[in-house]
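The values are calculated or read from the model by the stated rules, or taken from the named source; none is laboratory data. Since this is a predicted model, take the numbers as computed values, not measurements. All Cβ positions, glycine included, derive from the backbone under ideal geometry; neighbour counts span all protein chains shown.
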Amino acid sequence: MPKKKKIEATVLSQRVLADGIMDLLLETSLAEDAGPGQFIGVYPKNKSTLLPRPISICGYDRENQTLRIVYRIAGSGTAEFALYQPSEIVNILGILGNGFPIDKAAGKNILIIGGGIGVPPLLGLAKALKDENGDSEPTSVTMVMGYRNADTFLADEFKEYGKLLIATEDGSVGTKGNVIDACKENGVKADVIYACGPMPMLRGVAAYAKETGAKAYISLEERMACGVGACLGCICKTKNVDEHSHVNNARICTDGPVFDADELEL
């Protein structure tokens, strides 16, 4: 795995995707090492804020050296990021975490499930499954994305990579309910499931995978501090003993954020 680097990146563009959801494009050599499901740390310029904010990679272009991040404004750090303008320089740390194992998709029926701000990294995964798989191309790809309401950001882009189903909490688009409701309503089954979203959703995904006999790989959303595994601030329970902490824990920022669902205690 390439060594993590703190590096300067140049803002190429930024736009509003939905209420409180921003789409930021950065030029950086770190794009050469990026993969679907990984993330970067973005440092606020406010010197009173020491730690970077972890943000998942929505897309990457290795040839043109660009990283796309789609994030929700959730605090002072991300509120600052939302003000960044083209040509501005920002400090980022990356590439962090492990990604989705797209080699597991070869000849399989794939189901991609996302919810809330867990949706953006799955767009990069869907694109990678189409563009980068080579001999590992899946047989079919179905995507189920969950939103609060009709602000279905990125939905039109997902349609380029397979069949898209949408669930909304208020029923304004697609299935009224959650992503598992949409899967059951449409009789969706798959050999391999990739998912990212809030923990209640991921518990539902793991249960659905067990119920349908699918293999599930899930990306955990968690507040992180250092992002490099030193502080043990982003711990999840596992069935195996971690070599670092010697207990049944894993560090989401380094051992994850993507895990085999069978290895976790959800």
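Restricted to segment 40-65, and to residues there that are farther than 14 Å from Ala9 by Cα and polar (S, T, N, Q), the residue that is surrounded by the most Cβ atoms within 10 Å (Cβ to Cβ) is Ser56. If you take the residues in segment 64-92 that are in a loop (DSSP other than H, G, I, E, B) and at pLDDT below 95, which one is farthest from Gly197 (Cα to Cα)? It comes out as Gly75. For segment 119-133, indicate whether the set of residues that are over 21 Å from Phe39 (Cβ atoms), of a type in the set (Asp, Glu), at pLDDT below 95 and not assigned by TED's automatic domain parsing to the domain that holds Leu17 is non-empty. So far as segment 119-133 goes, no, none of its residues is over 21 Å from Phe39 (Cβ atoms), of a type in the set (Asp, Glu), at pLDDT below 95 and not assigned by TED's automatic domain parsing to the domain that holds Leu17. Taking segment 1-63 and the strands (runs of 3 or more DSSP E) fully enclosed by it, the elements with 2 or more residues that are over 14 Å from Gly124 (Cβ atoms) and of a type in the set (Lys, Arg) are at 5-18. Would you check if Val16 is of a type in the set (Val, Ile, Thr) and touching a Lys or Arg at 6+ places or on another chain (Cβ under 6 Å)? No.
Please go through segment 1-16 and give me each residue that is surrounded by 15 or more Cβ atoms within 10 Å (Cβ to Cβ) and farther than 20 Å from Val258 by Cα, ordered by number. Result: Ala9, Thr10, Val11, Leu12, Gln14. Taking the criterion of being surrounded by fewer than 14 Cβ atoms within 10 Å (Cβ to Cβ) and within 16 Å of the chain's Cα centre (by Cα), the only residue of segment 180-199 that qualifies is Met199. Scoring Ala106 on the criteria (1) within 18 Å of Leu25 (Cβ to Cβ); (2) more than 17 Å from the chain's Cα centre (by Cα); (3) touching a residue at least 24 places away in the same chain (Cβ under 8 Å) leaves a single failure, condition (1).
Test Gly114 against the stated conditions and say whether it is on the phi > 0 side of the Ramachandran plot and in contact with a Pro (Cβ under 9 Å, 6 or more places away or on another chain). When the stated conditions are applied, Gly114 does not pass them.
Listed here are the helices (runs of 4 or more DSSP H) enclosed by segment 151-217 that have at least 3 residues being in contact (Cβ under 8 Å) with a residue 24 or more places away in the chain: 179-185, 199-212. Pairing each residue of segment 116-132 that is more than 23 Å from Asp19 (Cβ to Cβ) and in contact (Cβ under 8 Å) with a residue 12 or more places away in the chain with any residue that is polar (S, T, N, Q) and assigned to a helix (DSSP H, G or I), provided the two are 6+ apart or on different chains, yields C-beta distances under 9 Å for Leu129/Ser136.
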